[in-house]
Amino acid sequence: MGVEEIIARMNADAAEEATRIIRAADNEVSLILSEGEIAADAVYTTISDDGRREAAARRRKILARAQLAARGGVREAREDGIDRCFSGAKEQLSHLPGMPIYPEVLQRLIAEGLEIVGPGECQVLFREGDRDAVESALAEFPGIGMAFLQEMSRDRRGGGLVVACGSRLCDQRFSARCERMRERLTRETACILYGGND
């Protein structure tokens, strides 16, 4: 074998080796590209899923805030409606002392007050302008004394009286009764106005 044949053989072997190396490199490049695409798809899917979850969480938070604000607005509107009802009721009660049924109302208030304060020497404390109505109401309760109520308030609207027996008092003035009954009356008013729905 001559030098030329050896060189040719070496060139052929080198070309064959180069082709094998190039094929191996091409296979390696294809494998890397394929793995890269798979990894990129996985990253894309993860990022997309995370983005969707974050968007859904934000949407839920925004909806929750909006629902909370809406409930607050509804609650405020309902409370305003109930307050208006109480204001209207107080206005109507302020006219009751001038009506013919006022002595009858006072009789009921006295009877209830006497049950609350219990037995003993009782008296009825009343506003100066209610003297005639109180005298008429007390006709049903012989032995019960009467005296003027010393009120500090300048607001003379309303009516009612206070039943006293020793140190025990039952404030039967309309304003005091409204305050005592406010919680129950608020529930009942809400049921009437809004059907009991919260």
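The values are calculated or read from the model by the stated rules, or taken from the named source; none is laboratory data. Keep in mind that this is a model prediction, so the values were computed, not measured. Don't worry about glycine lacking a Cβ; one is built from the backbone with ideal geometry, like all the others, and counts go over all protein chains shown. Side chains included, ligands, DNA and RNA excluded: accessible areas come from the protein's heavy atoms. Shrake-Rupley method; radii C 1.70, N 1.55, O 1.52, S 1.80 Å.
Could you give the alpha-carbon Rg of the stretch 1-114 over 2.2 N^0.38 Å, rounded to two decimals? Spell out each step's value before the answer.
On the way: Rg = 46.1 Å, N = 114, 2.2 N^0.38 = 13.3 Å.
Working it through for the stretch 1-114, the quotient is 3.46.
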Can you tell me the alpha carbon radius of gyration of the stretch 44-86 divided by the globular rule-of-thumb value 2.2 N^0.38 Å? 2.01
Mind jotting down the distance between the C-alpha centroids of the stretch 128-149 and the stretch 94-112, whole Å? 11
Would you work out the relative contact order for the chain, in percent, from Cα pairs under 8 angstrom that are 6 or more residues apart? 18
Quick one: if you stick a label point 7 Å off each Cα along the C-beta vector at residue 75 and residue 48, how many nm between them? 4.2
Which listed residue (66, 192, 31) has the Cα farthest towards the positive end of the charge dipole for the chain, taking +1 on Lys and Arg C-beta and -1 on Asp and Glu C-beta about the Cα centre? 192
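When Lys and Arg each count +1 and Asp and Glu each count -1, what net charge do the other residues less than 11 Å away from residue 113, Cβ to Cβ, add up to?
Working: positive: 108, 168, 173, 177; negative: 112, 115, 171.
In short, +1.
Which FRET efficiency value, to the nearest 0.05, is calculated for residue 140 and residue 194 with the Förster distance at 45 angstrom and r the Cβ-Cβ distance? Walk me through the numbers before you get to the answer.
On the way: r = 40 Å, r/R0 = 0.89.
Step by step, r from the Cβ atoms, then E = 0.65.
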Obtain the nm distance between the two label points defined at residue 96 and residue 41 by a simple spin-label model: each point lies 7 Å from its Cα along the Cα-to-C-beta direction. 8.1
Take the Cα gyration tensor of the stretch 58-113, multiply each eigenvalue by 5, square-root it, and list the three semi-axes largest first, rounded to whole angstrom. 46, 12, 5
Can you give the angle from 0 to 90° between the axis of helix 174-194 and the longest principal axis of the chain, with both taken from C-alpha atoms, to the nearest 10? 40
I'd like the carbon and sulfur percentage of the solvent accessible area for the chain, probe radius 1.4 Å, heavy atoms only, ligands and nucleic acids excluded. 56
Residues whose placed amide H lies under 5 Å from that of residue 146, excluding near-sequence neighbours: 124
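Averaged over every viewing direction, what's the projected area of the C-alpha convex hull for the stretch 104-146? Give it in nm², one decimal, please. Intermediate values should be presented prior to the final figure.
On the way: hull surface 11.1 nm².
Over every viewing direction, the Cα hull of the stretch 104-146 projects on average to 2.8 nm².
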Could you pull out every residue, at least 5 positions away or on a different chain, whose amide H is within less than 5 Å of the one on residue 140? Hs are placed 1.01 Å off N in the peptide plane, and Pro or chain starts have none. none
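Using a probe radius of 1.4 Å on heavy atoms only, what accessible surface per residue do you get for the chain? Whole Å² is fine. Working shown, then result.
Numbers: 14530 Å² over 198 residues.
Value returned for the chain: 73 Å² of accessible area per residue.
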Rounded accessible area of residue 62 (nearest 10 Å², 1.4 Å probe): 100
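Quick check for me: using +1 on Lys/Arg Cβ and -1 on Asp/Glu Cβ, what's the dipole size of the chain about its Cα centre, in debye to the nearest 20? Let's see the in-between values first.
Working: 28 positive and 34 negative charges, 287 e Å.
Once rounded to the nearest 20, the dipole reads 1380 debye.
According to the Kirkwood expression over distinct Cα-Cα pairs, how big is the hydrodynamic radius of the chain, in Å?
With all distinct Cα pairs of the chain included, I get 25.1 Å.
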Mind giving me the nanometre distance, one decimal, between the label points for residue 19 and residue 58, set 7 Å out from Cα along Cα→Cβ? 5.8
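What does the helix-only formula give at 222 nm for the chain: each DSSP H stretch with n ≥ 4 adding -39500 (n - 2.57), the total divided by the residues, and the result rounded to the nearest 500 deg cm²/dmol? It would help to have the intermediate numbers written out before the result.
Values: 4 runs with 138 residues, N = 198.
Theoretical 222 nm ellipticity from helices: -25500 deg cm²/dmol.
Which value does Rg/Rh take for the stretch 14-53 over its C-alpha atoms, Rh per Kirkwood? Please list the in-between numbers first.
Working: Rg = 17.0 Å, Rh = 12.1 Å.
On the Cα set of the stretch 14-53, Rg over Rh gives 1.41.
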Are there cysteines in the chain with no other Cys C-beta under 4.7 Å, and if so, which? 85, 170, 178, 191
Fully extended contour minus Cα-Cα distance, from residue 184 to residue 33, at 0.36 nm per residue: 46.8 nm
